[in-house]
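I have placed the structure first, in the form of structure tokens, so that the comments after it can refer back to it.
The values are calculated or read from the model by the stated rules, or taken from the named source; none is laboratory data. This is a predicted model, so every value here is computed, not measured. Every residue, glycine as well, gets a Cβ built from its backbone with ideal geometry; the counts of neighbours run over all protein chains shown. Heads up: the accessible areas ignore ligands, DNA and RNA and are worked out on the full protein's heavy atoms, side chains in. Shrake-Rupley method; radii C 1.70, N 1.55, O 1.52, S 1.80 Å.
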Amino acid sequence: MSNPFLGTGIAIVTPFKEDLSVDYKALENIVEYNINNGVDYIVICGTTGESVTITKQEKQDIVAAIIKFNKGRLPLILGIGGNNTAAVVQEIKATDLSNIAGILSVSPYYSKPTQEGIYQHFKAVSEACPVPIILYNVPGRTAKNMLPETTLRLANDFNNIVAVKEAGNDISQYLELLKNKPEDFSIISGDDDLALGVVLAGGAGVISVIGQALPKPFSTMINLGLKGQNKDAYQLHFKMMEIINLIFSENNPAGIKAVLNNLDLCNKTVRLPLVPATNQLQNSIDTFMSNFNKS
């Protein structure tokens with residue numbers, strides 16, 4: 001099974017109105033803005049989409065809305081993961097995946113399984129899933145690193161496991177995966193700050209947070225990297241370094257919503273236990289964006 005997820009994917013936010021209900025007009029505007037500015041695919045209801053604080057019904061409604069707005073233009077990836085293997089399998093079986101190109105499934109968090117436990121979890125997910133699977137390793141959130149040997153074991157054993165979104169912010173782990181991966185398995189950066197270096201080393205691209213606010217320069221950077229044009233790509237990378245650091249300085253997605261707020265695409269509202277970006281962070285972001293747009 002080949003991997004269609006090449007280039008720049010965005011981990012789309014779930015915009016909320018001030019009363020905390022989902023803002024579907026803002027969601028439509030963000031989808032259009034990204035399609036019109038060169039991103040390659042959209043990831044729905046991931047970490048950045050505040051998946052842990054939206055209801056089951058809201059998730060279904062958000063997916064249906066994005067399918068409607070997208071009109072078949074870009075591949076859509078749906079976040080389906082968790083630390084209850086049976087519940088993840090049940091959700092996969094109960095979800096209409098006919099308009100979904102693949103799922104992004106996070107390594108089990110909180111429970112801190114062994115590497116064998118992680119393997120058995122994803123074996124069950126693979127056996128239940130009718131569409132391609134992107135594994136998601138984010139040890140800063142899960143409290144457990146999925147080691148390269150576990151990722152590669154899964155890549156070799158299951159045809160529908162086509163990629164990993166690696167977000168350990170560890171360049172040596174990326175390089176080990178790139179060195180030893182099967183030919184048809186893709187390494188996707190989950191770290192905006194390392195994405196270009198990963199692509200230049202042989203990665204397939206990125207699932208980005210900042211990409212949805214700066215889709216044109218960010219996707220241009222990734223495309224230049226995929227072509228091996230490192231000098232031009234790094235010029236763009238250097239221009240965006242500050243904003244990448246800013247958006248993760250308090251929490252994600254409060255930071256990216258502050259950038260989208262600057263662009264009048266959505267407001268800053270997040271659901272507890274997250275809180276909106278501080279005025280200090282919003283001011284820093286506004287200053288960066290003003291200077292970036294002039295350059």
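Of the residues making up the stretch 240-289, those that are in a helix (DSSP H, G or I), in contact with a Ser or Thr (Cβ under 7 Å, 6 or more places away or on another chain) and under 20 Å from I10 (Cβ atoms) are L246, G255, I256. Taking the conditions (1) in a loop (DSSP other than H, G, I, E, B); (2) over 25 Å from Y41 (Cβ atoms) in turn, N293 satisfies each one other than (1).
Listed here are the residues, each with its yes/no results for (1) outside any strand (DSSP E or B); (2) among the hydrophobic types (A, V, I, L, M, F, W, C); (3) within 17 Å of Y136 (Cβ to Cβ); (4) open to solvent by 40 Å² or more (accessible area, probe 1.4 Å).
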site: G9; (1), (2), (3), (4): no, no, yes, no
site: D19; (1), (2), (3), (4): yes, no, no, yes
site: V31; (1), (2), (3), (4): yes, yes, no, no
site: I62; (1), (2), (3), (4): yes, yes, no, no
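When the stretch 64-90 is examined, which residues are found to be surrounded by 14 or more Cβ atoms within 10 Å (Cβ to Cβ), of a type in the set (G, A, S) and assigned to a loop (DSSP other than H, G, I, E, B)? Matches in the stretch 64-90: G81, G82. Taking residues in the stretch 143-164 that are within 21 Å of V199 (Cβ to Cβ), and partners anywhere that are open to solvent by 50 Å² or more (accessible area, probe 1.4 Å) and of a type in the set (A, V, I, L, M), the pairs with Cβ atoms closer than 6 Å and at least 6 places apart or on different chains are V162/M1.
Give K179, K144, K93, K112 a once-over and let me know the one that is outside any strand (DSSP E or B), in contact with a Lys or Arg (Cβ under 6 Å, 6 or more places away or on another chain) and open to solvent by 80 Å² or more (accessible area, probe 1.4 Å).
Checking each option against the conditions leaves just K112.
A single member of D184, D193 is touching a helix residue (DSSP H, G or I) at 6+ places or on another chain (Cβ under 7 Å) and of a type in the set (D, E), and it is D193. Scanning the stretch 42-60 for residues that are surrounded by 15 or more Cβ atoms within 10 Å (Cβ to Cβ), part of a loop (DSSP other than H, G, I, E, B) and not charged (D, E, K, R) returns C45, G46, T47, T48, G49, I54. Looking across the stretch 144-180, the residues that are small (G, A, S) and either under 19 Å from V88 (Cα atoms) or under 18 Å from the mean Cα position of the chain (by Cα) (or both) come down to A163, A167, G168.
Checked against the criteria, G225 counts as within 15 Å of G9 (Cβ to Cβ), at pLDDT 95 or above and more than 18 Å from the chain's Cα centre (by Cα).
Pairing each residue of the stretch 277-295 that is without any contact (Cβ under 8 Å) to a residue 40 or more places away in the chain and more than 11 Å from M240 (Cα to Cα) with any residue that is open to solvent by 20 Å² or more (accessible area, probe 1.4 Å) and part of a helix (DSSP H, G or I), provided the two are 6+ apart or on different chains, yields C-beta distances under 6 Å for S284/L246; D286/N262.
Can you pull out every residue in the stretch 35-64 that is under 14 Å from the mean Cα position of the chain (by Cα) and of a type outside the set (V, I, T)?
D40, Y41, C45, G46, G49, E50, S51
A count restricted to the stretch 147-176 and to residues that are of a type outside the set (V, I, T) and buried (at least 22 other Cβ atoms within 10 Å of the Cβ) stands at 8.
Out of all the residues in the stretch 192-209, is one or more surrounded by fewer than 20 Cβ atoms within 10 Å (Cβ to Cβ), at pLDDT 95 or above and under 14 Å from the mean Cα position of the chain (by Cα)?
There is at least one residue in the stretch 192-209 that is surrounded by fewer than 20 Cβ atoms within 10 Å (Cβ to Cβ), at pLDDT 95 or above and under 14 Å from the mean Cα position of the chain (by Cα).
The residue that is surrounded by the fewest Cβ atoms within 10 Å (Cβ to Cβ), counting only those in the stretch 96-109 that are outside any loop (DSSP other than H, G, I, E, B) and free of Cβ contacts under 8 Å to residues at least 40 places away in the same chain, is S105.
Against the numbered list (1) farther than 28 Å from T95 by Cβ; (2) not polar (S, T, N, Q); (3) not in a loop (DSSP other than H, G, I, E, B), I118 comes up short only at (1). Within the stretch 115-125, the set of residues being open to solvent by 10 Å² or more (accessible area, probe 1.4 Å) and not charged (D, E, K, R) comprises Q115, G117, Y119, Q120, A124.
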